[in-house]
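Everything below concerns the one structure shown next.
Computed from the coordinates by the stated procedures, all read-outs in this text should not be read as laboratory data. These numbers come from a predicted model, not from an experiment. Don't worry about glycine lacking a Cβ; one is built from the backbone with ideal geometry, like all the others, and counts go over all protein chains shown.
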Amino acid sequence: MNAAAKFELFRLLPSVDELMGSEPVQSIVRCYGYQLTIDYVRLALEELRDAIKKGELLDGPQIQANVSRLSSDLLFFLQKQFAYSLRPVINATGVILHTNLGRAPLGESALQHVTDVSRGYSNLEFDLATGERGKRDVHVNRLFAQLFIATGHEVSTIVVNNNAAAVLLSLNALAEGGEVIVSRGELVEIGGSFRIPDVMTKSGAVLCEVGTTNRTRIGDYEQAISDRTKLLLRVHRSNFQIVGFTEQPSLEELAALGRSRGIPVMEDLGSGELFDLCQVGINGEPMIVDSLRAGIDIVTYSGDKLLGGPQAGLISGTPELVKRIRSNPLFRALRVDKMFYAALEATILAYLREDYDAIPTLRMTRISEDELRQRAEHIARQLRISSSQLAIEVVESHSVLGGGSAPGATLASRAIAVRCAKLSADAVLERLRQWETPIIARVENDRVLLDLRTVAPAQDATVVAALQEIAS
């Protein structure tokens, strides 16, 4: 195509002002704003000019067709480009505390309290009784104190943004410049390369390892104590197990040694169990209340794991030491805002009321196998009736807590096993992820498995609709 012919094609393109003044584009402006719209109008016109230069658009009808759909293409592009990236998904993996899927879902009361507190102003740091400035800690500290009253000790609690922050802050406040004694078998690494020795270094404390990987005695701690020792630390091995020829001092022994030498004892529990999981057949996961009852001075744990609340790091312990940690300048850098306090306050109130079904994490652990079987069979019947392209089975499954909690422990569950005549298991899995509300499942033995323990009953209809559409 010669230059003159290309010039005539360029003349068929509308100007930026013409497009911006058209009603379809004006409606886009009302949705997405003037600047964003004009930027992408210019970009779209530039792409059409490039297509003419490269000989990809050869005549007037082609150009007119592209121009006529420019506004609809622009709207589609903006809708896709500027939709929310963070979206709700349906967790059909059977992993209750799925780190990649946001760990613990919040209960309705927690969500409502967050909304009520966040839509306007709140008394976050305002004492309504005196009319003076208050402290944000009081909103949950009073509830945790009541929750831990059975320990026989006075317990204070403060909140930071996650358990890693809780450990870092506590180590820095209690042991900066001194030694912290830890068993070699507890130098753990959790997700994201979070390693206890690295956190120790960042805190300004010095790691003092004692014992061996599998056996550490109370005498090992006692022999390692020197005038440089500032803290004894116990770290819960939450995401792995050491079995066989093992030994570990009891919490009571550690607490007694600390008291006799005037050295605080801290425990990083990680998962934060307030509900006794032995009731659902999961043993070996330590409870916060047991550590405090045994005399541990400071316990750190997560808010969004077994506790079932928002992401947070909780520091509970003796009022004197908690006050000392709170006065550390790092506390202000690591503190949480009103939304976290609101969600946490509602969650702890549910514990105090023993309303465990109000906490989704606990509700999922307590669902009976029979209830899951009935739901699975109902879903299977609907799918068998509606689609001949799907081979559906109800199969036994094993859910896990996840989030580094209770490694090796499982909960008996039921899953929908799906095969599609036209699609591979991986293709079905991908299409489920692309559903309007993405559905996250897993593949086993060339079948897609949807474990119902982590699917809310209200989401069953969405799962059915998605599989019916994929099969069709």
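If R₀ is 35 angstrom, what is the calculated FRET efficiency for the pair L36 and M339, using the beta carbon separation as r and rounding to 0.05? Plugging the Cβ-Cβ distance into 1/(1 + (r/R0)^6) gives 0.80. A simple spin-label model places pseudo-atoms 7 Å from Cα toward Cβ; at D116 and Q146 they are separated by 1.4 nm.
The alpha carbon centroids of the range 323-381 and the range 26-99 are separated by 39 Å.
Distance between the pseudo-spin-label points of R332 and E189 (7 Å out from Cα toward the beta carbon): 3.6 nm. In units of the rule-of-thumb radius 2.2 N^0.38 Å, the range 108-358 shows an alpha carbon radius of gyration of 1.01. Around the amide H of S397, modelled in the peptide plane, lie the amide H atoms of S413, R414, A415, all under 5 Å away and 5 or more residues distant in sequence or on another chain. Excluding same-chain neighbours fewer than eight residues apart, the lysines reachable from K53 by a Cα-Cα span under 16 Å are K6. If the chain linking D198 and S22 were pulled fully straight, counting 0.36 nm for each residue of separation and taking away their Cα-Cα distance, it would gain 57.4 nm.
In the chain, taking the dipole from charged Cβ atoms about the Cα centre, the farthest positive-side position among I90, I416, L352 is held by I90. With both labels modelled 7 Å from their Cα along Cα-to-Cβ, the K323 to A4 distance reads 9.4 nm. Listed by chain and number, the aspartates and glutamates placed with their C-alpha closer than 15 angstrom to that of K80 are E436; residues fewer than eight positions away on the same chain are left out.
Put simply, the convex hull of the Cα atoms in the range 76-150 casts, on average, a shadow of 9.5 nm².
Projecting the Cα positions of L57, C31, A224 onto the charge dipole of the chain (unit charges on Cβ atoms of Lys, Arg, Asp and Glu, taken about the Cα centre) puts L57 furthest along the positive direction. Pop the C-beta distance of A412 and N214 into the FRET formula with R0 = 45 Å and round what comes out to the nearest 0.05. Between A412 and N214 the formula returns 0.90.
With r defined as the distance between the Cβ atoms of Q223 and E176 and R0 fixed at 25 Å, what FRET efficiency is calculated, to the nearest 0.05? In this case the efficiency is close to 0.55.
Shape descriptor for the chain: Rg over Rh equals 1.10 (Cα atoms; Rh from the Kirkwood inverse mean 1/r). Cross-link partners for K323 among the lysines, with Cα-Cα distance under 22 Å and sequence neighbours closer than 8 places in the same chain left out: K135, K202, K230, K338.
Straightening the chain between A465 and Q81 buys 135.6 nm, computed as 0.36 nm per residue apart minus the Cα-Cα spacing. Taking 0.36 nm per residue of separation and subtracting the current Cα-Cα distance, fully stretching the chain between E56 and H378 would add 110.5 nm.
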